[in-house]
Amino acid sequence: MSLRAEFVMLASREGANVRDLCRRYGISAQAGYKWLRRARSAPEEGFADRSRRPHSSPGRTAEAVEAQVLALRQAHPSWGGRKLARRLRDLGEPRVPAASTITEILRRHERLDEAERIKHRATIRFERPQPNELWQMDFKGHFAHDAGRCHPLTLLDDCSRFSLCLEACADERGETVADRLVPTFERYGLPCCMLFDNGAPWGHGPDDRYTPLVVWLLRLGIAISHSRPYHPQTLGKDERFHRSLKAEVLQGRRFRDLEQCQSAFTAWRQVYNLERPHEALDMAVPASRYQPSARPYPASLPTIEYAAGDRVRKVQHAGRVDFMGRTWRLPRAFRGYPVAFRPTAQDGLWKVFFMTHEITQIDLRRTEDQ
C-alpha cells in the first residue's frame, strides 16, 4: 500500500512513462492504470490506509477546525504552522487557517517549544537544478534496539529532497550498502553523481577515498564526490534529513528489532515524500519535484575500455602497478582492474584513469616512486 501513492505521484507527472514505471515497481500495466484511474476519479478516497475524512463540512465550527489542527499536530509533533497549513490544504480542507493562526493555536494549547523555535534560522541553500544530478548518501548515527543496533542508511536526491532509500541496517559494510542500492537503482535508475563523506564504507579517510563500493559505482558510470574533511555541512541536505528522522521517528521510541525499525522507516518515508510539506521546496512535497532517472540499472556491469592511445596497465597486489620501468602505488580498491596512463601537456606528468574517472597523477621527474 505504501508504494501505491508514490507510484501514482510519479506516474501522474507530465511526460511520465507509465509502463516503464510499472516495470520498475514490479506491477502489471493493468494494475498501474487502475491505480491512476482511481486516483483521478475519486482522489478523496485515497488508498486503504488513508483517512476518509470528508473534504468539506459546511457546519464545522471554529472549535472543530482547531481540533483538526491539534490532531494533525499530534500525528506530526515536529511540524510547525506552515507545514500544518500546507498539509491541511493538500488534504482538501475548505477552511484552512493561516499559518500564523495555526502557530497561535499550538502556542495556546502549549504545543510549542519556544527554545526549539529559536534554534531555526533562515539559511542559504544550494541545490542541483534537476533530479538525479546528485544523490547524497550517509549513515545516520546508529542506535540501540532490543536485539542489537540499527544503522540507518539514508539516500537523498539533492534537487527534490526525495528520499530514495531509508534502510535499517545491521552494520555499515560496503556489501550491505550495495545490497540496498541495487533495488534502489532498479526502481529509480542511476544518478549522474553521488556524494559521501570520507569514512567507511565510502573511503579510508581524506588520503584514500576509494573502496570496493566506490569502484563498483564507478563501473556503473556514476561519478563520485567526497565531502570536505571535517565539514559535515557539505552533506547538509542529508544531515537535515537525519534531524527530521530523529525528531519524527526515533526520539522517545524503543524498537524491538531491525524489522520493527524498518517498518517505522518505511511508513515515515512515505509521509516524508508524499505528505510532509518541505520549506526548501516552497512547501511542496518532495515527490512532486522528483522523477526517475532516464539511465536504467544495467543487467551486467559494462566492459572496461580505454582509448587506443592510452597506456593500460593492470593493478597488482596491494595497489602496485608497473609503468615506465618503475613501480607506482594506487589505492588497493583497484587491485585486479586495468587503469590507463595518459600524458599531460607538462613533460613527465601523467594522469591515471579508471574508466572515465581520474584517480591520481604521477610525475616521472621525481626520483622516488609514488
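Relative contact order of the range 188-303: what whole-number percent is it, with Cα pairs under 8 angstrom and at least 6 residues apart? That works out to 29 percent.
May I ask you to sort MET324, MET9, MET194 by Cβ crowding, counting other Cβ atoms within 10 Å and putting the fewest first?
Details: MET324 12, MET9 18, MET194 22.
Fewest-to-most ranking of MET324, MET9, MET194: MET324, MET9, MET194.
Charging the Cβ of each Asp and Glu at -1 and of each Lys and Arg at +1, and nothing else, the dipole of the range 216-324 about its Cα centre rounds to 260 debye. For the chain, relative contact order (Cα pairs under 8 Å, six or more residues apart, normalised by length) works out to 14 percent.
With only Lys, Arg, Asp and Glu charged, each at its Cβ (+1 for the first two, -1 for the last two), find how big the charge dipole of the chain is about the Cα centre; round to the nearest 20 debye. Dipole about the Cα centre, nearest 20: 600 debye. Footprinting exposure proxy ranking of ARG128, ARG253, fewest other C-beta atoms within 10 angstrom first, gives ARG253, ARG128. Pairs of lysine residues in the chain that meet both criteria, 8 or more places apart or on different chains and Cα atoms under 25 Å apart, total 11.
Taking a ≥ b ≥ c as the square roots of the eigenvalues of the Cα gyration tensor, the chain is classed as prolate, since a/c reaches at least 1.5 and a/b is larger than b/c.
Report the calculated FRET efficiency for THR344 and ALA318 (r = Cβ-Cβ distance, R0 = 35 Å), to the nearest 0.05. If you can, show how the numbers build up before the last one.
Numbers: r = 26 Å, r/R0 = 0.75.
Efficiency for this residue pair is about 0.85.
Site pair ASP207 and ARG95 shows an inter-label distance of 6.9 nm when each label is modelled 7 Å from Cα along Cα→Cβ. Taking the number of Cβ atoms within 10 Å of each Cβ as an exposure proxy, the fewest-first ranking of SER100, SER12 is SER100, SER12. Of the residues LEU84, PHE162, SER300, the one whose Cα sits farthest toward the positive end of the charge dipole of the chain, with +1 on the Cβ of Lys and Arg and -1 on the Cβ of Asp and Glu, is LEU84. Between the listed residues PRO343, TRP216, CYS261, the Cα displaced farthest toward the positive end of the dipole of the chain, a dipole computed from Cβ unit charges relative to the Cα centre, is found at CYS261. Multiplying the residue separation of GLU63 and HIS76 by 0.36 nm and subtracting their alpha-carbon distance yields 2.7 nm. When +1 charges are put on Lys and Arg Cβ atoms and -1 charges on Asp and Glu Cβ atoms, the dipole computed for the range 135-288 relative to its Cα centre reaches about 220 debye.
None of the figures in this text is laboratory data; all of them are computed from the coordinates on show. This one's a predicted model, so the numbers in the text were calculated from it and none came from an experiment. Reconstructed Cβ throughout: ideal geometry from the backbone, glycine too, with neighbour counts over all protein chains shown.
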